[in-house]
Amino acid sequence: MGHMDHFSAGWVTPVLSFAMACVGAALGLRCTVRALEADGASKRNWLVLASVAIGSGIWTMHFVAMLGFGVDGTPIRYDVPLTVLSLVVAVVVVGAGVFTAGYGRSRVRAVLLGGLGTGLGVAAMHYIGMAALNLHGTVRYDPALVIASVAIAVVAATAALTLSLVVRGPVVATVAALVMGLAVSSMHYTAMYAVSISLAPSSAALAGATATEFIFPLAVVLGSFLFLASAYVALSPTGKRAESAVAAELLRQVELSTA
């Protein structure tokens, strides 16, 4: 059995990965709330941004955490197409959950189905990402811990959506983002403790890219996107402020026309 180290870089990777998960969750949940205040193309655009934010946030969390993962006795490489697929699947599956929450007529049903979709998106991203792992050995999973990891993702994602869509306010929004970030991190490390590796020592070169060659640059790009998008959402007017701005502009035009 290969000895695994989940914190080879110390506490930098778990703390940073948790922060990225919280940023993606905060942005995604905020965009979902904005979507509920909008109609038409604007509603759709907010939900698309929410899907990309949450999906890229959980992907970044996973692979930043994986930067601290090592196995004694074997190097680790990542299959690039599968790694990219894990990002796409995360966005698409989370998107299905977010769109369900955004367009659902029944708020309770929307939250339940949205939480299910978002939680499954988190789990699907993780296990596809793990399938991208190339090393000299065989990766096995403890079925009970796998089920527990999926349950954690679904329950916590549902709780986060409930807090965001049913109860409003900045404090609640912050709590919801922290709950979602904790859900993604808890799911990740629960799933990682489900892993056992049987080594098969070999001198053959492994296919794929190292974490610093591919994972780190992409994580930096996605992290930058999340922070910039968060700034945009924070500075953009809410539905009520937008309506006030339109009303003020109409009043100004009326005053100019009667002057």
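Name the single residue that is farthest from Met20 (Cα to Cα) among those in the range 65-86 being open to solvent by 10 Å² or more (accessible area, probe 1.4 Å) and within 15 Å of the chain's Cα centre (by Cα). Going through the qualifying residues, I end up with Leu85.
Search the range 115-135 for residues being without any contact (Cβ under 8 Å) to a residue 60 or more places away in the chain and touching a Phe, Trp or Tyr at 6+ places or on another chain (Cβ under 9 Å), and hand back the single one that is surrounded by the most Cβ atoms within 10 Å (Cβ to Cβ).
Taking the range 115-135 and keeping what is without any contact (Cβ under 8 Å) to a residue 60 or more places away in the chain, we get 115-117, 120, 124, 128, 131, 133.
Filter again for touching a Phe, Trp or Tyr at 6+ places or on another chain (Cβ under 9 Å), leaving 117, 133.
Details: Gly117: 24, Leu133: 20.
If we take residues in the range 115-135 being without any contact (Cβ under 8 Å) to a residue 60 or more places away in the chain and touching a Phe, Trp or Tyr at 6+ places or on another chain (Cβ under 9 Å), then Gly117 is surrounded by the most Cβ atoms within 10 Å (Cβ to Cβ).
Of the residues making up the range 175-218, those that are open to solvent by less than 60 Å² (accessible area, probe 1.4 Å) and of a type in the set (Ser, Thr, Tyr) are Ser185, Ser186, Tyr189, Thr190, Ser196, Ser198, Thr210.
Specify which of the listed residues (Arg30, Arg44) is more than 16 Å from Thr210 (Cβ to Cβ), assigned to a helix (DSSP H, G or I), modelled with pLDDT of 85 or more and among the charged types (D, E, K, R). Outline the logic, then answer.
Working: Arg30 fails: modelled with pLDDT of 85 or more.
The match here is Arg44.
Within the range 3-11, is there a residue that is part of a helix (DSSP H, G or I) and farther than 16 Å from Gly95 by Cα? No, the conditions are met nowhere in the range 3-11. Taking the range 219-248 as the search range and keeping residues that are among the β-branched types (Val, Ile, Thr) and modelled with pLDDT of 80 or more, which one is most open to solvent (accessible area, probe 1.4 Å)? Applying the filter and picking the extreme gives Val221. Checking every residue in the range 111-131 against the condition of being among the hydroxyl-bearing types (Ser, Thr, Tyr) and outside any helix (DSSP H, G or I) gives zero matches. Taken residue by residue, the range 136-156 has at least one member that is touching a Leu at 6+ places or on another chain (Cβ under 8 Å), within 17 Å of Met20 (Cα to Cα) and either in contact (Cβ under 8 Å) with a residue 24 or more places away in the chain or surrounded by 20 or more Cβ atoms within 10 Å (Cβ to Cβ) (or both). All told, Phe99 meets the bar of being surrounded by fewer than 24 Cβ atoms within 10 Å (Cβ to Cβ), in contact with a helix residue (DSSP H, G or I) (Cβ under 6 Å, 6 or more places away or on another chain) and among the aromatic types (Phe, Trp, Tyr).
Okay, residues lined up against (1) touching a Pro at 6+ places or on another chain (Cβ under 9 Å); (2) β-branched (Val, Ile, Thr); (3) at pLDDT below 85:
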{"site": "Gly2", "(1), (2), (3)": "no, no, yes"}
{"site": "Pro14", "(1), (2), (3)": "no, no, no"}
{"site": "Gly24", "(1), (2), (3)": "no, no, no"}
{"site": "Gly57", "(1), (2), (3)": "no, no, no"}
{"site": "Val84", "(1), (2), (3)": "no, yes, no"}
{"site": "Val89", "(1), (2), (3)": "no, yes, no"}
{"site": "Ala96", "(1), (2), (3)": "no, no, yes"}
{"site": "Arg109", "(1), (2), (3)": "no, no, yes"}
{"site": "Leu113", "(1), (2), (3)": "no, no, yes"}
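Exactly one residue out of Ser17, Ser42, Ser51, Ser56 is polar (S, T, N, Q), crowded, with 24+ Cβ neighbours inside 10 Å and without any contact (Cβ under 8 Å) to a residue 60 or more places away in the chain: that is Ser51.
The values are calculated or read from the model by the stated rules, or taken from the named source; none is laboratory data. This structure is a prediction, so every number in the text was calculated from the model and none was measured. Every residue, glycine among them, receives a Cβ derived from its backbone with ideal geometry; neighbour counts consider all protein chains shown. Side chains are part of the model used for accessible areas, which takes the heavy atoms of the whole protein and leaves out ligands, DNA and RNA. Shrake-Rupley method; radii C 1.70, N 1.55, O 1.52, S 1.80 Å.
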